[in-house]
Structure formats: C-alpha cells, structure tokens
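Every number here is computed from the coordinates shown, using simple stated rules; none is lab data. These numbers come from a predicted model, not from an experiment. Virtual Cβ from ideal backbone geometry, glycine too; neighbours counted across all protein chains shown.
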Amino acid sequence: MSADTAKPQIGQLLKDLQVVDEEQLVLALEEQKRTKERLGSVMIKMGFLTSEDLDYLLARQHNVPFISLEQYRLDPEIVALMGALATCVEDYIGDFPKNDEHPLFMRRRDNFEFSASWSVRLANCGYHTMHTHPLGWISSAYYVQVPQAVSEGDEHGGGIKFGEPDIDIGEAGEARLKIQPSAGRLVLFPSYMWHGTVPFESDEPRMTTPFDVVPK
C-alpha cells in the first residue's frame with residue numbers, strides 16, 4: 001500500500017481534528033498498551049471520546065459517509081432481530097476458554113458491540129469469493145431465506161466454506177469445513193478465518209444478514 005492510499009491512523013485523526021490533546025492521547029496509548037484493547041474503545045472508557053465521536057472518526061478513516069441513526073426510525077423487527085442475535089453472540093463468547101495466547105480468545109472482554117451489519121441477496125449461480133473481515137473480531141452468516149433445494153442437501157451448492165484462501169496453495173488450501181444453510185440458522189466464526197460460499201442452483205433467492213462484532 002502506498003503512502004498516498006494508506007488510511008490515516010486513529011491517533012493522527014484525533015490530533016488533526018483536535019478531538020483530544022497530546023496529553024490525553026499519550027495517556028490513552030499507555031492504557032491501550034496495558035489492556036490490549038482498541039484505541040477508540042480505550043478513549044471512550046477514559047471519557048475522552050463518545051461512541052458517536054468514534055463512529056465519525058472511523059468513517060473519516062475509511063473515507064465513507066457518516067450517518068447518525070438518531071435521524072432515522074428503526075424498524076421494530078430489525079431491532080428485535082439484532083437483540084436475538086446479540087443473545088446468541090453472548091452465548092458464543094461465554095463458551096470461550098481463558099487463553100491469552102489464542103488470537104480469538106485473547107480479545108475476550110466483558111462487552112461487545114456490532115461494528116457492521118448488512119444484507120445480501122444472491123440469485124441463481126450467485127456466490128461470495130473467499131475473504132476475511134480484517135476489521136472484525138467475530139463474523140457471521142444469519143440465513144433469512146434459503147432455497148428449499150439448498151437446505152435439503154449440498155448437491156445444489158449454496159453452503160458456506162471455511163479455510164480456503166483466495167490463492168492457490170495446493171492441498172493445504174482446501175476448505176476445512178462446509179456448512180449447509182437453512183432459514184433461521186446463524187453461523188458464527190473468527191473474522192480472520194477465510195470463508196466464502198459455493199455457487200447454488202435455484203430460482204429462489206438466498207438472503208442473509210451478516211454482521212461483525214468487536215470487543216467493547
């Protein structure tokens with residue numbers, strides 16, 4: 001990545017926008033070094049930032065528009081869905097063992113938050129290429145609608161597969177796990193894990209609402 005295209009660091013944005021002063025930034029960096037948490041989360045806990053401040057900074061960092069949801073009325077069904085998904089994530093994290101060396105378990109905190117959520121509608125022969133979610137901690141696939149033929153077996157494709165990178169490394173790069181979807185199923189996995197989907201054959205759409213979670 002060239003210097004021209006590199007994303008600005010949160011610390012530099014904080015200084016450029018004069019959100020915090022040098023002393024506050026130094027204190028936050030020292031606390032981040034101690035706790036191993038993200039700098040933004042540390043600064044919120046220390047009272048230097050609000051959650052909305054951090055959202056704005058992340059939008060600036062990734063050069064995307066910042067939209068405050070306070071301006072919009074959220075659909076009660078979506079709110080209920082996110083609440084149910086949050087309960088599932090809590091149960092998932094609750095089963096993590098204490099391990100300060102494992103890349104997933106070492107980031108466990110008392111709380112978490114949804115850092116991103118979106119919807120995907122795939123038609124006949126649609127699929128996702130293999131990828132990871134570098135800004136997440138825990139990622140997901142929640143299946144809203146799945147073609148009946150796909151739910152009944154894998155002969156028509158449509159499953160999610162894990163462990164196959166987007167480069168050819170021979171047998172070592174073959175998928176380690178495949179999960180066949182069904183409506184209402186939630187699949188949770190580490191954001192650093194390579195994943196993608198198998199093309200499917202059906203005139204019915206395949207709809208998901210994926211999301212990412214980060215420690216808070």
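Descriptive notes on the structure:
- Every residue from the stretch 141-155 that is buried (at least 18 other Cβ atoms within 10 Å of the Cβ) and more than 19 Å from the chain's Cα centre (by Cα): V146, P147, V150
- Residues of the stretch 57-77 classified as out of contact with any Ser or Thr (no Cβ under 9 Å at 6 or more places or on another chain), surrounded by 10 or more Cβ atoms within 10 Å (Cβ to Cβ) and not in a loop (DSSP other than H, G, I, E, B), total: 4
- In this structure, L104 does satisfy being touching a Pro at 6+ places or on another chain (Cβ under 8 Å), within 29 Å of E31 (Cα to Cα) and surrounded by 15 or more Cβ atoms within 10 Å (Cβ to Cβ).
- All conditions but one from (1) more than 30 Å from D91 (Cβ to Cβ); (2) among the hydroxyl-bearing types (S, T, Y); (3) without any contact (Cβ under 8 Å) to a residue 60 or more places away in the chain apply to S182; the one that does not is (1).
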